[in-house]
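Student: Below is one structure. I have some questions about it.
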Amino acid sequence: NCSYFKHFTPGQSSEIFEVTTQKEYSISAAAIAIFSVGFAIIGTICVLLSFRKKMDYLLKPASMFYTFAG
């Protein structure tokens, strides 16, 4: 008699677990991912502009955009 694994033993009242994704969570996760990609793109643009035109003051905003993307 295995009482630890109650959900897997036959003959007892077993519970059926349903795994459902909620729509609100998936929409918010997609929005966060889109914002993250946008911040990474803006950070990359800042880094490329700072290397090309020797504008070193753009590296600090680029690091903040990369942090926000993370």
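The values are calculated or read from the model by the stated rules, or taken from the named source; none is laboratory data. Just so it is clear, the model here is predicted, and its values are computed rather than measured. With ideal geometry, Cβ positions are generated from the backbone for all residues, glycine too; neighbour counts draw on all protein chains shown. These accessible areas exclude ligands, DNA and RNA; they are computed on the full protein's heavy atoms, side chains included. Shrake-Rupley method; radii C 1.70, N 1.55, O 1.52, S 1.80 Å.
Student: In whole Hz, with x marking every Gly and Pro, tabulate ³J(HN,Hα) for region 29-42 from phi via Karplus 6.51 cos²θ - 1.76 cosθ + 1.60, θ = phi - 60°.
Tutor: My calculation for region 29-42 gives 5, 5, 5, 5, 5, 5, 4, 5, 5, x, 5, 5, 5, 5 Hz in order.
Student: Please compute the alpha carbon radius of gyration of region 28-69, then divide it by the globular-protein estimate 2.2 N^0.38 Å. Two decimals is fine.
Tutor: 1.24
Student: I need the peptides 57-69, 27-39 ranked by packing, meaning the mean over residues of other C-beta atoms within 10 angstrom, with the highest value on top.
Tutor: Going from most to least packed, we get 57-69, 27-39.
Student: Using a 1.4 Å probe, what is the accessible area per residue for region 28-69, in Å²?
Tutor: Per-residue value: 75 Å².
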